[in-house]
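Below is one structure, written out as C-alpha cells, with a few remarks after it.
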Amino acid sequence: MAEVIVVSTPGSAGTLVADHISSRVEQQPQFVLGVATGSTPLPVYGALSERANEGVDFSQVQAFALDEYVGLPASHPESYHSVVDREVVRPLGLSRELVHVPDGALGSIQTAGERFEQLLAASGGVDLQILGIGGDGHLAFNEPGSSFGSLTRVKTLTQATREANARFFGSVDDVPIHSVTQGLGTILRARHLVLLAFGEAKAKALAASVEGPVTSSVPGSAIQLHHHVTVVVDEAAASELQHRDYYDWALQHKPSWQGL
Ligand code: PGA
C-alpha cells in the first residue's frame, strides 16, 4: 500500500519532497529525477530552487520529463521543453545536456518513443519520479484505458484533458490533440514514485488511484502495482480517501529509520 501523507498546504508538500530529493542528491550527485509538468509540482520546484540557492549542487542530476505535446515547436512557451527549462532547469541549475524531454517534432515522431526509452535505459533508470494526476485519473498523458504495460508512445488526448490545459493556451482549440508520453509501464520502472495532488478537483481521482480497484480505466491506480509509492496531498485532495485514519496512524508510528 502507498504511504499517504496529508499536509496542510501545497507549500509544505513542496518543502517535504524537495528536502527528500535534496538529501538524495547530496548522497548521489548523479541522481536521476523524473519531472512532471502542470501546476501540481511547482511547489516542489520552488523549494528545490531555494535549496539550490542555499548551495545544493544539482549540476550532475539527470532529469527526464514525462511527456511532450506533438507538433508544438520546442520553442513554444507551453511546450514541455520550454516549461521544464523555465520551471526546473534554470532555477535548479541543472545541466541542459542531462535533461531529456520526449521529442514531439512531427518529422521524427514515429521513433520518438523508442529513442526516449533508450535514453531512459542508458541512464540506469529513474530514481524518483514526481507525478501529478488528472481529474480523470490520468498519469502523465496516459488517458483512461491506457495499458499498464505501455511504454513511451504517441497518445491522443481526451477532450477533458485539452479543456483542463486550455488555461495554458489561448483556447482549447490551440491545445494539441496528440502527445508523446511515457507509458504506465515506463513510469512503473522508476524506483520511487511520489504522487502529489492538491485541491478538491483531484479528490475522486486520487481516492480511486490509491484505494482501487486497479483498472486501466483509472490510470493512476497503476501506482498500486509499485513497491515504493509516497502520496503527498492536501486536505481537499484527501477528502475522498476511505482509509484516512489508518494513513495518519501509520505515519505517526513510522519507524524512525524509514525515509520518505
Ligand atoms: P495539474 O495537471 O498539475 O496542472 O493539475 C496534472 C495532470 O494533468 O496530470
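I'm trying to understand the selection: among the residues of segment 116-150, which are crowded, with 16+ Cβ neighbours inside 10 Å and free of Cβ contacts under 8 Å to residues at least 60 places away in the same chain?
Ser150, the sole residue that qualifies.
Testing Leu119 on (1) touching a Ser or Thr at 6+ places or on another chain (Cβ under 6 Å); (2) closer than 15 Å to Arg189 by Cβ; (3) more than 10 Å from the ligand (Cβ to nearest atom), one condition comes back false. Which one is that?
(1)
Among the numbered conditions (1) farther than 20 Å from His178 by Cβ; (2) touching a Phe, Trp or Tyr at 6+ places or on another chain (Cβ under 7 Å), tell me where Gly125 comes up short.
Exception for Gly125: condition (2).
Sort out which residues of segment 1-41 are among the polar types (S, T, N, Q) and within 18 Å of the chain's Cα centre (by Cα), and write them in order of number. If you could, list the steps in order and put the result at the bottom.
Residues of segment 1-41 among the polar types (S, T, N, Q): 8-9, 12, 15, 22-23, 27-28, 30, 37, 39-40.
Passing the criteria: Ser12, Thr15, Ser22, Thr37, Ser39, Thr40.
One line per residue, one yes/no per condition, for (1) away from the ligand (no atom under 16 Å from the Cβ); (2) part of a helix (DSSP H, G or I); (3) within 23 Å of Arg244 (Cα to Cα); (4) at pLDDT 95 or above:
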| residue | (1), (2), (3), (4) |
| --- | --- |
| Val6 | yes, no, yes, yes |
| Asp19 | yes, yes, no, yes |
| Thr37 | no, no, no, yes |
| Ser49 | yes, yes, no, yes |
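Give segment 11-38 a look and list any residue that's in contact (Cβ under 8 Å) with a residue 40 or more places away in the chain and polar (S, T, N, Q), or say none. Write out each step before concluding.
To start, the set of residues in segment 11-38 that are in contact (Cβ under 8 Å) with a residue 40 or more places away in the chain comprises 13, 16-17, 20-21, 24, 28, 31-38.
If the condition is that a residue be in contact (Cβ under 8 Å) with a residue 40 or more places away in the chain and polar (S, T, N, Q), then Gln28, Thr37 are the ones that fit.
Name every residue in segment 117-157 that is outside any loop (DSSP other than H, G, I, E, B) and over 16 Å from the mean Cα position of the chain (by Cα), in order of residue number. Can you show your working first?
In the first step, residues of segment 117-157 are kept if they are outside any loop (DSSP other than H, G, I, E, B); the result is 117-123, 128-131, 139, 142, 153-156.
Correct list: Glu117, Gln118, Leu119, Ala121, Ala122, Ser123, Arg153, Val154, Lys155, Thr156.
Just to be sure before I move on: is Gly55 assigned to a loop (DSSP other than H, G, I, E, B) and surrounded by fewer than 23 Cβ atoms within 10 Å (Cβ to Cβ) in the structure I sent? Please lay out each step first, then the result.
Values: assigned to a loop (DSSP other than H, G, I, E, B): yes; surrounded by fewer than 23 Cβ atoms within 10 Å (Cβ to Cβ): yes.
When the stated conditions are applied, Gly55 passes them.
Among the residues of segment 85-93, are any outside any helix (DSSP H, G or I) and more than 19 Å from Phe168 (Cβ to Cβ)? Outline the logic, then answer.
Of the residues in segment 85-93, the ones outside any helix (DSSP H, G or I) are 93.
Retained after the next criterion (residues that are more than 19 Å from Phe168 (Cβ to Cβ)): 93.
Yes.
The values are calculated or read from the model by the stated rules, or taken from the named source; none is laboratory data. Here the structure is a predicted model, which is why all the values come from computation and not from measurement. Using ideal geometry, Cβ is built from the backbone for each residue, glycine included, and neighbour counts are taken over all protein chains shown.
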